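Notes follow once the structure below has been shown.
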Amino acid sequence: MEYSFPRYLLAKQTVDDRALNKDVLAALKAELSAFDPRFSVSRQPSTPESASNLRFYDSSVVNSTSSVDDLRFSASRQPSVPDSASSVDDIRFSASRQPSVPESDSALRFSASSVHPLSAPLLTIIEVGAGIGTMLTRLLRWDILPPNVDYTLVDEMPENITFARQWLPKWAQENGYQVETLPDENIRLTASRQPSVPESDSSVEDIHRPASPSSTPSVSPFRRRPSAPQSAEDIRFSASRQPSVPTSAPQSADDIRFSASRQPSVPNSAPQSADDIRFSASRQPSVPQSVLVHFAQADVFDYIRFSASQSAAPSADLLIAHAFLDLLPMPESLPKLLSLLKPEGLAWLTINFDGLTTLEPPFRFPDPPASQRGSSASNLRFSDSSAVNSASSVDTLIEHLYHQTMDTRPTGGDSRSGRHLFGHLKQAEVEILAAGASDWVVYPAKGQYPADEAYFLHFILHFFETSLANHPQLDPRLLEEWLKQRRAQIERAELVYIAHQMDFLISLR
């Protein structure tokens with residue numbers, strides 16, 4: 001079989017899609033919402049004309065020349081309930097009866113759709129070990145990026161960057177983007193994108209924390225937190241999504257309760273269903289999007305030194321390292337990588353291997369020739385130089401030696417980098433916002449592997465083969481037989497492969 005690393009990265013996309021930790025992904029999306037007008041504009045109804053006008057909008061009677069559309073729109077402009085108006089229970093009850101913002105709210109649609117991507121806040125992303133750009137396409141497919149993005153792909157392998165320059169424009173055009181090739185050979189992708197929901201997990205859409213961008217260019221605007229912690233009950237009916245009560249016309253508690261019943265509904269703490277979220281997203285206005293993509297073919301540490309020489313200030317709001325940190329010497333690499341980030345910037349560190357590889361079904365010794373049957377030693381003829389005494393121990397030995405090669409690479413690496421990152425990040429004095437498992441689980445369904453995942457599995461076996469060739473503790477005949485069985489299992493769509501990994505979202509303090 002011919003092995004192509006770019007094709008391996010393409011085949012890995014669907015495996016990574018399933019593996020990426022959804023809680024960490026949701027936390028990332030919540031932070032990125034600070035840059036997205038779809039969330040900040042749509043959650044800020046305009047100021048009411050006067051408190052007295054609000055009393056005319058009864059839920060069943062229209063007593064003025066205003067239309068039904070006016071009636072619906074007025075609900076989105078009513079004041080929130082002040083803390084002193086009534087008890088917590090009263091507020092929660094009245095909030096649960098509030099109508100949602102109507103689809104016919106043309107003013108809201110105009111307000112959001114009028115935001116040009118280049119006038120929106122610029123989110124600067126640097127991805128190290130970026131491969132061919134599959135993470136960028138994933139973020140675009142899942143609609144996680146805000147309208148105005150500057151994205152730099154850094155990878156040491158020339159074939160990856162060459163492939164990315166050809167593949168990304170083609171992918172973009174096939175997915176509705178206009179592609180402009182710039183004089184410096186970078187590209188700009190532009191499109192009018194409708195909010196969408198990642199099919200793999202609707203919870204990514206459940207969390208939106210609008211915040212205004214920082215007025216200081218060198219500081220990332222992510223960290224917009226209340227001065228005092230809020231309880232879960234506070235968050236459920238928080239006034240942060242409602243406009244304040246106009247001071248010109250104070251109301252009694254009863255009046256406030258009455259008008260509050262016409263305010264836009266406040267979601268409770270229970271997650272929405274995927275259908276609810278998709279329906280809600282389908283009513284959001286489309287927002288133009290512009291992504292300027294830079295290609296940097298360089299060793300990551302050479303790139304860091306070059307970046308530092310070009311500017312006194314770090315440039316990235318978000319650093320992405322996908323399936324990469326377990327290849328680097330740790331912990332000394334972390335401060336260098338984090339030097340790319342602005343103060344309070346974010347780092348999304350994904351698919352960090354954590355010491356567990358499993359392949360099923362187990363290895364079995366081949367049947368001996370008829371002349372040797374009945375000899376207990378014949379089944380172990382491959383294990384002359386290996387510490388094996390049963391077929392099941394062959395898998396254990398090969399997996400152990402494979403992990404060991406990760407720990408002894410001259411360029412660095414760690415077969416348990418996932419768990420060790422907790423300590424390394426603490427030593428680096430950064431804040432872990434979210435962490436969780438991101439296991440690769442590849443298995444056949446209905447007699448075949450999804451997408452190009454059979455090729456992905458063949459490439460994983462290629463890693464085993466090249467890493468363990470001529471290993472002093474492994475009989476080469478045993479490795480050959482093991483690989484032969486595993487490759488045949490892929491062709492029969494029988495092999496199951498599991499690798500344990502960890503994802504992190506961190507913030508600089």
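Among residues belonging to the stretch 298-323 that are without any contact (Cβ under 8 Å) to a residue 12 or more places away in the chain and not in a loop (DSSP other than H, G, I, E, B), point out the one that is most open to solvent (accessible area, probe 1.4 Å). The residue in question is ARG305. Selection over the stretch 124-144 of residues that are at pLDDT below 95 and over 19 Å from ARG18 (Cα atoms) gives a count of 0. Listed residues ALA488, ALA493, ALA451; which is out of contact with any Lys or Arg (no Cβ under 6 Å at 6 or more places or on another chain), free of Cβ contacts under 8 Å to residues at least 24 places away in the same chain and small (Gly, Ala, Ser)? Residue meeting the stated conditions: ALA488. Is it the case, given these coordinates, that ASP326 is in a helix (DSSP H, G or I) and open to solvent by less than 50 Å² (accessible area, probe 1.4 Å)? Yes, satisfied. Look at (1) modelled with pLDDT under 80; (2) crowded, with 19+ Cβ neighbours inside 10 Å; (3) over 21 Å from LEU145 (Cα atoms) and you find that SER42 fails only one, number (3).
Every condition in (1) part of a strand (DSSP E or B); (2) open to solvent by less than 40 Å² (accessible area, probe 1.4 Å) holds for HIS294 except the one numbered (2).
Checking each residue in the stretch 12-34 for being β-branched (Val, Ile, Thr) and open to solvent by 10 Å² or more (accessible area, probe 1.4 Å) picks out only THR14. For the stretch 490-504, a tally of residues being open to solvent by less than 20 Å² (accessible area, probe 1.4 Å) and within 25 Å of the chain's Cα centre (by Cα) returns 5.
The values are calculated or read from the model by the stated rules, or taken from the named source; none is laboratory data. In this text the structure is predicted, and so the values were computed from the model without any measurement. Don't worry about glycine lacking a Cβ; one is built from the backbone with ideal geometry, like all the others, and counts go over all protein chains shown. Only protein heavy atoms, including side chains, enter the accessible area calculation; ligands, DNA and RNA are left aside. Shrake-Rupley method; radii C 1.70, N 1.55, O 1.52, S 1.80 Å.
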